[in-house]
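Scroll down for the structure; my scribbles are underneath it.
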Amino acid sequence: MGEPAIEFRDVSLRYRLAAERGIVTLKEWVIRRLTTGMSYQELVALSRVSFAIQPGRALGIVGHNGAGKSTLLRIAGGILAPTEGEAIVRGRIAPIIELGLGFEGELSGRENIFFNGALLGRSRLEMQRRFDEIVDFSELGDFIEQPIRTYSTGMVARLAFAIATTVDAHILLLDEVMSVGDEHFRRKCQARIDSFRRAGVTIVVVSHDLAAVEALCDDGIWLEHGYIREGGLARDVVPAYRASMEQANADPGVGGTVRPAAP
Amino acid sequence: MSTADLPVLRNAAIEPLNPIRDIRDLAQYWNLIANLVQRDLTVRYKRSVFGFLWTMLNPLLLMIILTVVFSTMFRFEGIEHYPTYFLSEYLVFGFFAQTTVQSMTSLSWHGSLMKRVRVPKSIFAVSTTLSGLANLCLAYVPLFLIMIATGSPIRWTVLFLPVAFLIIAAFALGVSLLLSALAIYFEDVSHMYQVATIGLMYMTPIIYPISIVPYKWLWLIRINPLTHLFKLARDPVYLGTLPGLHVVGASVASAAIALVVGWVVFHRLARGFYLHL
């Protein structure tokens, strides 16, 4: 077996909350520095997370809101830097952190395809080559020349998904996309993800849809308060997480694992 | 699939300064830079048919006002062709001030974008500087028209202007990197800087000749890097001479220092942007 496609080595993300957030002006910062010094309240988003995924496998990440799932995905995508440890990602990343990102309402679908492609670091030539394929998948037809503000939510979602996934990528990062859109769109997404799987693309999925994670993924990670509570095969990890959730729901006083959603 | 030639993203807590990697990263996103510049320019010029004309009218109207003010009310002795004298520096000052201010706006404006997709964060300062350069080149058209109209000679030394622009742009990029990174952390930086640019304009002999500066304040003008940088653009246009070696040396040194300091500070602060955007 070669090198893993994604490797986390003791990755932690801690940030100082209250104090740092409170200081918004240079003046305040200088004054605090000179007088009392800073007091920080530390918040742990991820704590010493280590794992490795081999190329071509699909990893599902489950856990409560605020457990660090999206943080993990963002570190894998290079959007957020860890405060300790390192994450190594080998291959071209197709990130779908959020659908409809960077769309300009005033620009047409066509113009947005090219701008979005640029945002994802692709050349104009590549976007030109893939243009028809993107329009086909998004089923927009002549609407592609209309400004995006005239689109329905479903149309925007289809276009965004088409742009992000019509690319030669080795690694696909998915954040809750499977819950967007109607049944027809979901089935199309599913088909595309399956074709990625067959092509040997490494996939990381963050989702609350446990059944979908179980169906799609080989490996699973259960995050809790930023720690890996359990990691292994998806068919073992997901049922374990589901069981603990059901237990907590049945007996909220004892379980106590449900935390309010993080901002 | 062979893993040998795959691009590797190493996202580590400790990121050593590596200029080559940063430049390669920017080069990879060349298409995005082109897109941002294009968007900047179309927003500016597409709004109206007269978009292009407006940018040219602006210095023209300003010129008329200043000529009236400074040739009738406040007169500087011994400045021939005052419009050329003033505009040859004012245009580059406008470029510098606009680029640095807009870099700050551009970086925070694209904050939500940077939270969702990985792009080289310095890309906004780079694209703002490039679109500023394009605007600067256009602004020279009315200047040359004014020179012809007022009988101010245009000499071959104007061919030095591209070099001057490059050095000034490098300086502006360095300052932009520094200020835009600071402005993400502290919201008062951009307010303070807007006032500071007015101060800077009077600390540089743009409107007035350096000969009217009292001796005890002369050092202030001399240590101002803008004084030398802008002379790079004025000498070939107004005097018809190439700028002296000491001017070029001081300018290149200022630009290099600004770039290095701006880049190092930006690199260090960029890691924390996420929590402040």
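The values are calculated or read from the model by the stated rules, or taken from the named source; none is laboratory data. Keep in mind that this is a model prediction, so the values were computed, not measured. All Cβ positions, glycine included, derive from the backbone under ideal geometry; neighbour counts span all protein chains shown. Protein only, heavy atoms only, side chains kept; ligands, DNA and RNA dropped before computing areas. Shrake-Rupley method; radii C 1.70, N 1.55, O 1.52, S 1.80 Å.
Taking the range B:243-277 as the range and being of a type in the set (Val, Ile, Thr) and within 22 Å of B:Ile23 (Cβ to Cβ) as the test, the residues that pass are B:Val252, B:Ile257, B:Val260, B:Val261, B:Val264, B:Val265. Taken over the range A:108-121, the residue count meeting the criterion of being closer than 17 Å to B:Ser127 by Cβ and touching a residue at least 40 places away in the same chain (Cβ under 8 Å) is 3.
Condition first: touching a residue at least 60 places away in the same chain (Cβ under 8 Å) and surrounded by fewer than 22 Cβ atoms within 10 Å (Cβ to Cβ). Can you find one or more residues in the range A:192-199 that meet it?
Initially, the range A:192-199 is screened for residues touching a residue at least 60 places away in the same chain (Cβ under 8 Å), giving A:197.
Cutting the leftovers down to surrounded by fewer than 22 Cβ atoms within 10 Å (Cβ to Cβ) gives us A:197.
Yes, because at least one residue in the range A:192-199 is touching a residue at least 60 places away in the same chain (Cβ under 8 Å) and surrounded by fewer than 22 Cβ atoms within 10 Å (Cβ to Cβ).
On the stretch given as the range A:38-58, residues that are surrounded by fewer than 24 Cβ atoms within 10 Å (Cβ to Cβ), more than 8 Å from chain B (Cβ to nearest Cβ) and within 16 Å of A:Glu7 (Cα to Cα) total 9. Looking at the structure I just gave you, is B:Leu200 within 19 Å of B:Gln98 (Cβ to Cβ) and within 14 Å of another protein chain (Cβ to nearest Cβ)? In short, no. Only one of the numbered conditions (1) under 23 Å from A:Asp175 (Cα atoms); (2) open to solvent by 50 Å² or more (accessible area, probe 1.4 Å); (3) modelled with pLDDT under 90; (4) facing chain B (nearest Cβ under 9 Å) is violated by A:Val24, and that is (1). Picking from residues in the range A:94-113 that are crowded, with 20+ Cβ neighbours inside 10 Å and at the interface with another protein chain (Cβ under 7 Å from one of its Cβ atoms), the one that is modelled with the highest pLDDT is A:Pro95. Are any residues in the range B:187-207 in a helix (DSSP H, G or I), buried (at least 17 other Cβ atoms within 10 Å of the Cβ) and hydroxyl-bearing (Ser, Thr, Tyr), and if so, which ones? Answer for the range B:187-207, where residues must be in a helix (DSSP H, G or I), buried (at least 17 other Cβ atoms within 10 Å of the Cβ) and hydroxyl-bearing (Ser, Thr, Tyr): B:Ser190, B:Tyr193.
Residues that are under 17 Å from A:Asp175 (Cα atoms), at least 2 per element: which strands (runs of 3 or more DSSP E) completely within the range A:45-147 meet that? Before the answer, list the steps.
Numbers: elements: A:58-63, A:84-90, A:93-96.
Those strands (runs of 3 or more DSSP E) span A:58-63, A:93-96.
Tallying residues that are closer than 29 Å to B:His81 by Cα and open to solvent by 30 Å² or more (accessible area, probe 1.4 Å) within the range B:251-277 yields 1.
Of the candidates A:Arg122, A:Arg130, the single residue that is basic (Lys, Arg), within 22 Å of A:Thr202 (Cα to Cα) and away from chain B (no Cβ under 11 Å) is A:Arg130.
Out of the residues in the range A:200-223 that are assigned to a loop (DSSP other than H, G, I, E, B) and surrounded by fewer than 20 Cβ atoms within 10 Å (Cβ to Cβ), state the one that is nearest to the other protein chains (Cβ to nearest Cβ). Walk me through how you get there before you give the answer.
Looking only at the range A:200-223, we keep the residues that are assigned to a loop (DSSP other than H, G, I, E, B), and these are A:200-201, A:207-209, A:217-218.
After this cut, where a residue has to be surrounded by fewer than 20 Cβ atoms within 10 Å (Cβ to Cβ) as well, the list is A:200, A:208-209, A:218.
Details: A:Gly200: 6, A:His208: 19, A:Asp209: 21, A:Asp218: 16 Å.
The selected residue is A:Gly200.
Screening B:Leu177 on (1) away from every other protein chain (no Cβ under 14 Å); (2) closer than 22 Å to B:Asp40 by Cα; (3) in contact with a His (Cβ under 8 Å, 6 or more places away or on another chain) shows it passes everything except condition (3).
Scanning the range A:180-199 for residues that are outside any helix (DSSP H, G or I) and modelled with pLDDT of 85 or more gives a single hit, A:Ala199. The set of residues in the range B:228-248 that are buried (at least 21 other Cβ atoms within 10 Å of the Cβ) and more than 18 Å from B:Phe144 (Cα to Cα) comprises B:His228, B:Leu229, B:Pro243.
Please find, among B:Leu220, B:Leu173, the residue that is over 14 Å from the mean Cα position of the chain (by Cα) and in contact (Cβ under 8 Å) with a residue 12 or more places away in the chain. Walk me through it before giving the result.
Numbers: B:Leu173 fails: over 14 Å from the mean Cα position of the chain (by Cα).
Answer to the check: B:Leu220.
If you filter the range A:123-139 down to residues that are surrounded by fewer than 22 Cβ atoms within 10 Å (Cβ to Cβ) and touching a Lys or Arg at 6+ places or on another chain (Cβ under 9 Å), you find that the one that is farthest from A:Gly91 (Cα to Cα) is A:Glu139.
With the requirement that a residue be at positive phi and at pLDDT 90 or above, what does the range A:69-90 give you? Selection gives A:Gly85 alone.
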